[in-house]
Ligand code: 13P
Ligand code: SF4
């Protein structure tokens, strides 16, 4: 079947019909073998996608997996900045994203031109950027970090070094608090982690007095203040599996509950409620990917992440620094 590139760009994914009797799990497995393809998935993907993935991880784990894969094709079940990072690390491999429109509100909150002007006002500062940003922001950064390794990255710089932290102001404020630094923060945020209601979480804690609150550092300070444990998705997951409590309130995107429940089937995991009746603690970007889109992406090898070599090289350096510092500190995502 011929795929019209213009339509593909408009729609964002290969909208080709799929035989409804096809066993998609088996078909995806067959395509992996036939094409030497690997499926990397973030914890925020829908359960079916997590179940077909070769590797599931947080942003650091996914970048590390992308850096060491021998596959010819990387199918990235996540959002655009994650697939872009995989491409930056693997220029000769095909990197597919099931839906090209799977973006990120946090990455969108830092337009490259505005950030360049902001950076120009702080000429003595080094830039640490959270991996949830575009390649154009990475190219303006000195080191990239994720929520797993941010503290180690900050601590790798001398105490007197002035730092800009972008784009997440909540993670930045949390890191200022735990590191004792005074980093200048870019005013960006994640739409999912900003939606949790402190009032509703407090009521839940009253109703479940033995439950522990697990929170991602992209949450606002008022939520983090209530948390028993703060960490990246992998760190929260590992904590919930090893800890001896039986009940947890989880303040991050709901996709993580699938792995939490798998690792600890007898424990109870309650998604932290958003401020209104919407399902806003589901990331609308992450959830654009579906098993059908993933299958078609593998079958047609589209849509593919492409980028200019100049931008790739400029954004590679700060990512490589992050990977090197993480490896030296023994940090895995
Ligand atoms: P981590 O998986 O690194 O914790 O990041 C969470 C997130 O918001 C990814 O978009
Ligand atoms: Fe971006 Fe937030 Fe969605 Fe993660 S959860 S992809 S930070 S919008």
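Every read-out reported here was derived from the displayed coordinates using simple, explicitly stated rules and does not represent laboratory data. Everything numeric in this text was worked out from a predicted model, so none of it was measured. In this analysis, Cβ positions are derived from the backbone assuming ideal geometry, glycine residues included, and neighbour counts consider all displayed protein chains.
Kindly indicate whether any position in segment 110-127 is under 19 Å from the mean Cα position of the chain (by Cα) and buried (at least 24 other Cβ atoms within 10 Å of the Cβ). No, the conditions are met nowhere in segment 110-127.
Restricting attention to segment 82-109, which residues are within 16 Å of ligand 2 (Cβ to nearest atom), surrounded by fewer than 23 Cβ atoms within 10 Å (Cβ to Cβ) and without any contact (Cβ under 8 Å) to a residue 60 or more places away in the chain? Scanning segment 82-109 gives a single hit, 108. Residue 322: in contact (Cβ under 8 Å) with a residue 24 or more places away in the chain and either within 15 Å of ligand 1 (Cβ to nearest atom) or under 27 Å from residue 187 (Cβ atoms) (or both), yes or no? Taking the combined requirement at face value, the residue satisfies it. Looking only at segment 169-185, decide whether some residue is more than 16 Å from ligand 1 (Cβ to nearest atom), in contact (Cβ under 8 Å) with a residue 12 or more places away in the chain, closer than 27 Å to residue 284 by Cα and surrounded by fewer than 16 Cβ atoms within 10 Å (Cβ to Cβ). Scanning segment 169-185 turns up no residue that is more than 16 Å from ligand 1 (Cβ to nearest atom), in contact (Cβ under 8 Å) with a residue 12 or more places away in the chain, closer than 27 Å to residue 284 by Cα and surrounded by fewer than 16 Cβ atoms within 10 Å (Cβ to Cβ). Screening segment 272-286 for residues that are within 16 Å of ligand 2 (Cβ to nearest atom) and surrounded by 19 or more Cβ atoms within 10 Å (Cβ to Cβ) and picking the one that is farthest from residue 214 (Cα to Cα) gives 285. Selection of first residues in segment 242-269 that are touching a residue at least 60 places away in the same chain (Cβ under 8 Å) and closer than 23 Å to residue 225 by Cβ and of second residues that are within 16 Å of ligand 1 (Cβ to nearest atom) and in a helix (DSSP H, G or I), restricted to Cβ pairs under 6 Å at least 6 apart or on distinct chains, gives the following pairs, ordered by first then second residue: 256/233.
Residue by residue, here is whether (1) within 14 Å of ligand 2 (Cβ to nearest atom); (2) farther than 26 Å from residue 286 by Cα; (3) crowded, with 24+ Cβ neighbours inside 10 Å holds:
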residue	(1), (2), (3)
211	no, yes, no
216	yes, no, yes
221	no, no, no
227	no, no, no
230	no, no, no
244	no, yes, no
248	no, no, yes
256	yes, no, yes
